[in-house]
Amino acid sequence: MAKGKKTLTGSFGCPLGNDLNTWTAGPRGPALMQDVHLLEKLAHFDRERIPERVVHAKGAGAYGYFEVTADVTKYTKAAFLSKVGKRTEVFARFSTVGGSKGSADAERDPRGFALKFYTEQGNYDMTGNNTPVFFIRDPLKFPDFIHTQKRNPATNLKDPTMAWDFWSLTPESIHQVTILFSDRGTPAGFRHMNGYSSHTYKWYNAKGDYYWVKYHFKTDQGIRNLTGPEAAEMCGRDPDHATRDLHEAIARKDYPSWTLEMQILSPEQAEDFAWDIFDITKVWPHKEAPPITIGKLVLNRNPENYFAEVEQAAFNPSNLVPGIGVSPDKMLQGRLFSYHDTHLHRLGPNYHLIPVNRPKKAPENSYQRDGSMRVDDNGKGGPNYWPNSFGGPEPDGVSLEPGIPLEGEAARHVFGHKNDDYVQAGNLYRRVMSDQDRTNLVSNIVGNMGEVPRPIQLRQCAIFYLADKDYGARVASGLGLDLGKVKKLAAMTQEQRVAATPLK
Ligand code: NDP
């Protein structure tokens, strides 16, 4: 063997003399059971795939750092945010949501924007999207919504009718639907989109005062999107264009970065706020909660192995550090269960031991033990219960979080209607979008809704019309609908509208 080369071995380290020819009975005979190397190789190959993520299956990741650029100690005692200039290692994963693992990066979809901060107080995960809002605000609707983004159970085809049926029966979706069908629904790459926490979180300081916050990671590369036709062309030409763009930019040392802006409200400000701050279908208007710049995220290192570091990465909004807590946002409350649960299914009970998921800057000292793939020392001979008298790890007061006042009756409440569901989507259409943005939005919607049954088109156009008259009228005209009928439906309650648009 040439000097400096490694000897090929089996999985348990024994050297192999041949990796090209199977043991056979004679040169043309059948293979022999005794070729244990062949058996091991095929058996491992048969098990190479793990279940794909049920959402966010197609993604790309990179390492980098987060640097604090403003003093936020009056809002949070999180150690990684404690000093201007402080840097913390980060792993980021960007993804589409509905597509399966082999789907195209340019498909119209929100994009996941997930960050893992390896802090000295353990890992903190921020599991955001490239949109500041979401389609629904009650987690009970989540599996239904995702089913509409997957494939029709009968035909196994993507089915716009399922999606528009659901959205037209779920009017709180109009804000996110408007963003999704704008060109922001097809970003030119992961480097050219913003990341938002979307949810409201709680920050609390060393004195125990707390604040409600939203994160906005604004791209320093500038927003760049594909138009509908450009995205369709890209899906065919390079289904991995966003993955490739991120990898190549980092490889040529053109490191992408994002500026972190926070919206922060005291509990008193939140009390008087014009919008329900726990409704994820709404933003906090910038005028009413001006964002402040507090840090920078830079990605500067590509993973060395996709499966080990990206496919096995597991983010979880319940990975919190002292100084950061959750809010009563119902969708967030649902995610606190669902993320950990889906990782247990996909990666097993010890997924926290996979290197990309392990805390890098803090020891893990828990009483969790055993389970499949327990690959560390499993707590050695130390006590495996708490409380104990044998010097095992103890809870620490630094992790205590201030409580929040709650009142009311426990029940299956309809989401409180503090706010009109249409006005923010309308503001986006009227005030924020350019003429070109509006034209592209309408054309993207009309292109997608063409084959949807008429009653669903009418019902949904009434919702566009309620957001903005011009918006509704232009989509109706693009679909060849009678505007008079749309206006009539818009004047009804949602229940009346649904009753008036039955599917024959
Ligand atoms: P502002 O004018 O203060 O802010 C508008 C925001 O909209 C900016 O953050 C901008 O992000 C973003 N934006 C610009 N073009 C588009 C687009 N085509 N699709 C989606 N977002 C876009 O207004 P308000 O804060 O009063 O919000 C008005 C509307 O803007 C909201 O109803 C919401 O739909 C949208 N918006 C608001 C955000 C917020 O947190 N307040 C965040 C994102 C969107 P950028 O600077 O990156 O271009």
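The values are calculated or read from the model by the stated rules, or taken from the named source; none is laboratory data. What you are looking at is a predicted structure, and each value in this text was computed from that prediction instead of being measured. Using ideal geometry, Cβ is built from the backbone for each residue, glycine included, and neighbour counts are taken over all protein chains shown. Remember, those area values only see protein heavy atoms, side chains included, never the ligands or the DNA or RNA. Shrake-Rupley method; radii C 1.70, N 1.55, O 1.52, S 1.80 Å.
For every residue, the table says whether it meets (1) surrounded by fewer than 18 Cβ atoms within 10 Å (Cβ to Cβ); (2) over 30 Å from LEU299 (Cα atoms); (3) away from the ligand (no atom under 16 Å from the Cβ).
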residue: THR148; (1), (2), (3): no, yes, yes
residue: LYS158; (1), (2), (3): yes, yes, yes
residue: THR161; (1), (2), (3): yes, yes, yes
residue: GLY185; (1), (2), (3): no, no, no
residue: ARG191; (1), (2), (3): no, no, no
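Residues in the stretch 105-137 that are open to solvent by less than 10 Å² (accessible area, probe 1.4 Å), hydrophobic (A, V, I, L, M, F, W, C) and farther than 24 Å from LEU81 by Cβ: ALA106, VAL133, PHE135, ILE136.
Sort through THR148, THR161, THR131, THR119 and tell me the only one that's of a type in the set (Val, Ile, Thr) and over 27 Å from THR227 (Cβ atoms). Before you say what the answer is, go through the steps one by one.
Working: THR148 fails: over 27 Å from THR227 (Cβ atoms); THR161 fails: over 27 Å from THR227 (Cβ atoms); THR131 fails: over 27 Å from THR227 (Cβ atoms).
Answer to the selection: THR119.
Scanning the stretch 489-499 for residues that are closer than 13 Å to SER168 by Cα and either among the aliphatic types (A, V, I, L, M) or touching a Gly at 6+ places or on another chain (Cβ under 8 Å) (or both) turns up LEU489, ALA490, VAL498, ALA499. Checked against the criterion of being away from the ligand (no atom under 16 Å from the Cβ), surrounded by fewer than 14 Cβ atoms within 10 Å (Cβ to Cβ), in contact (Cβ under 8 Å) with a residue 60 or more places away in the chain and not β-branched (Val, Ile, Thr), the candidates PRO359, PRO317, PRO402, PRO363 yield just one match: PRO402.
Just one residue in the set TYR429, TYR385 is aromatic (Phe, Trp, Tyr) and open to solvent by less than 100 Å² (accessible area, probe 1.4 Å); that residue is TYR429. Helices (runs of 4 or more DSSP H) fully within the stretch 220-309 that include at least 3 residues being in contact with a helix residue (DSSP H, G or I) (Cβ under 8 Å, 6 or more places away or on another chain) and either touching a residue at least 12 places away in the same chain (Cβ under 8 Å) or among the charged types (D, E, K, R) (or both): 241-251.
Checking every residue in the stretch 436-449 against the condition of being under 21 Å from PRO171 (Cα atoms), free of Cβ contacts under 8 Å to residues at least 60 places away in the same chain, open to solvent by less than 50 Å² (accessible area, probe 1.4 Å) and in a loop (DSSP other than H, G, I, E, B) gives zero matches.
Which is on the phi < 0 side of the Ramachandran plot and in a loop (DSSP other than H, G, I, E, B), of ARG430, ARG374?
Working: ARG430 fails: in a loop (DSSP other than H, G, I, E, B).
It is ARG374.
Restricting ASP238, ASP272 to residues that are away from the ligand (no atom under 13 Å from the Cβ), open to solvent by 50 Å² or more (accessible area, probe 1.4 Å) and acidic (Asp, Glu) narrows the list to ASP272.
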